[in-house]
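Heads up: the structure comes next, in structure tokens.
The values are calculated or read from the model by the stated rules, or taken from the named source; none is laboratory data. Bear in mind the structure is a predicted one, so any value in this text is a computation, not a measurement. Here Cβ is always computed from backbone atoms with ideal geometry, including for glycine, and neighbour counts include all displayed protein chains.
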Amino acid sequence: MLRILGNPAYARLLSAQVVALLGTGLLTVALGLAAYDIAGAQAGAVLGIALTIKMVAYVGLSPLATALVARMDRRRVLIAADLVRAGAACCLPFIDAAWQIYVLIFVLQSASATFTPTFQAVIPDILPDEEDYTRALSLSRLAYDLENLLSPMLAGLLLGVMASHWLFAGTGAGFLASALLVGMTAIPAVSLRRDASFADRLTRGTRIYLATPRLRGLLALNMAVAAVGAVVIVQSVVIVRAVYGLDERALAVALAANGAGSMLAALALPRLLRDGGDRPVMLLAGGLAAAVMAGLGLAVALAGWPAWPVFLCLWAVTGAALAAILTPSGRLLRRSAHAEDRPAVFAAQFALSHACWLVAYPAAGALGSGPGLAVAMLAAGGVAAAATILAARIWPASMPDELEHNHDDLPPDHPHLADAERRGGHLVHRHAFVIDDEHRVWPTAG
């Protein structure tokens with residue numbers, strides 16, 4: 001897996017991702033402390049609003065930002081987004097009111113909504129070989145999970161020698177380092193249609209996404225991930241503290257177990273995907289996540305909570321299942337669009353997947369604090385099961401990359417039909433099929 005680090009462009013971009021993630025991890029800790037300094041016992045409400053603003057920025061602004069910067073140099077876009085994020089982070093130590101947190105978080109996450117899809121769309125151009133790209137996706141998943149483990153530890157060490165507001169400086173430094181590394185990287189340019197209107201650029205990614213069966217299946221699986229993942233993120237602290245009566249260190253252990261499962265899955269996925277394919281692995285993972293979450297909810301309702309080690313094992317299995325859905329998603333996006341449309345398609349995935357989380361987060365919180373944790377887990381497992389079944393139905397089991405199709409919608413002398421043959425009154429040919437200007441709907445037969 002590590003041999004792809006021999007590609008200097010990818011190695012620098014991965015390094016940029018890692019330092020930016022560490023900065024984001026420090027931001028999470030520092031923001032919680034700042035919210036408590038400002039709002040005291042109401043800090044949870046302040047953070048809840050801040051997280052909602054983050055998701056709204058992701059869902060609403062990602063396609064818009066991608067359309068606005070579509071004709072710009074991608075390296076400059078990434079650097080500018082990092083500089084905006086660094087600037088917002090460096091302003092956070094000077095806040096003294098909750099509304100200032102909301103404004104700066106909106107600015108910072110709006111820049112992230114520009115940076116992340118653009119960054120994700122660059123990697124397939126840097127690594128055109130699918131196996132190399134799969135390894136890159138696994139390394140990216142490992143980077144996310146390691147950040148979840150290491151950032152709190154790093155924050156704890158830094159808080160031992162400095163005031164909490166200096167953590168924001170660490171966040172800014174991470175984004176500046178990311179900008180520097182991106183600036184040192186040669187990023188391939190993509191050719192774009194110059195006659196495309198802004199409205200076309202704004203909606204293009206979502207139109208391609210929703211017209212592609214495998215991506216509609218991915219959207220359903222995104223809902224499964226959000227339903228189960230929201231329970232893990234929102235309710236782990238309640239389970240650890242209120243159910244098992246343990247301390248903050250035990251919460252770190254529970255989240256680490258979930259992250260360890262995710263990392264093990266990321267390490268195994270390149271071989272699993274090569275041998276089994278995307279669809280079987282992702283659907284099996286969706287079923288596993290649903291079964292574990294619903295099964296735990298049913299067990300709690302009928303017999304009470306399992307022993308602590310058993311709970312940790314279940315949380316680890318859940319992490320592995322969610323990673324087995326999330327990690328291959330980039331392969332599906334890469335396969336479903338031309339290079340010039342990838343930024344728009346990645347932006348659509350970014351927005352639509354976060355829309356699922358925007359629904360799942362408050363639902364997990366409301367069900368857990370209302371009807372109870374068992375009901376929250378049963379509901380999450382039920383949603384994940386239904387979403388996985390839907391994904392299996394709308395994502396056909398046999399979908400070759402090359403499809404035979406006709407073009408009654410194009411004139412006979414159209415350049416795209418140079419290799420077509422007339423058959424039964426139709427102009428027919430076969431090639432790797434993606435939704436684009438010549439192919440606006442997925443062929444349903446032939």
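For every residue, the table says whether it meets (1) of a type in the set (A, V, I, L, M); (2) over 27 Å from T212 (Cα atoms); (3) under 19 Å from the mean Cα position of the chain (by Cα).
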{"position": "A266", "(1), (2), (3)": "yes, no, yes"}
{"position": "L296", "(1), (2), (3)": "yes, yes, no"}
{"position": "V300", "(1), (2), (3)": "yes, yes, no"}
{"position": "A339", "(1), (2), (3)": "yes, no, no"}
{"position": "L358", "(1), (2), (3)": "yes, no, yes"}
{"position": "A366", "(1), (2), (3)": "yes, yes, no"}
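Against the criterion of being modelled with pLDDT of 90 or more, aromatic (F, W, Y) and part of a helix (DSSP H, G or I), W357 qualifies. For the range 302-319, the candidate set comprises residues that are more than 19 Å from V228 (Cα to Cα) and outside any helix (DSSP H, G or I); within that set, the residue that is modelled with the lowest pLDDT is G304.
Look through L13, L47, L108, L64 and report the one residue that is in a helix (DSSP H, G or I), over 30 Å from L264 (Cα atoms), in contact with a helix residue (DSSP H, G or I) (Cβ under 8 Å, 6 or more places away or on another chain) and modelled with pLDDT of 90 or more.
One residue alone meets the criteria, L108.
Against the numbered list (1) surrounded by fewer than 23 Cβ atoms within 10 Å (Cβ to Cβ); (2) modelled with pLDDT of 90 or more, R85 comes up short only at (1). Being surrounded by 22 or more Cβ atoms within 10 Å (Cβ to Cβ), part of a helix (DSSP H, G or I) and β-branched (V, I, T): is that true of I79 here? No: the conditions fail for I79. In the range 395-409, the qualifying residues are those that are surrounded by 14 or more Cβ atoms within 10 Å (Cβ to Cβ) and of a type outside the set (S, T, N, Q), and the one that is farthest from the chain's Cα centre (by Cα) is H407.
Going through (1) in contact (Cβ under 8 Å) with a residue 12 or more places away in the chain; (2) farther than 30 Å from G276 by Cα; (3) surrounded by 14 or more Cβ atoms within 10 Å (Cβ to Cβ) one by one, P412 falls short only on (3).
Within the range 207-222, the presence of at least one residue that is within 20 Å of the chain's Cα centre (by Cα) and not in a helix (DSSP H, G or I) is confirmed.
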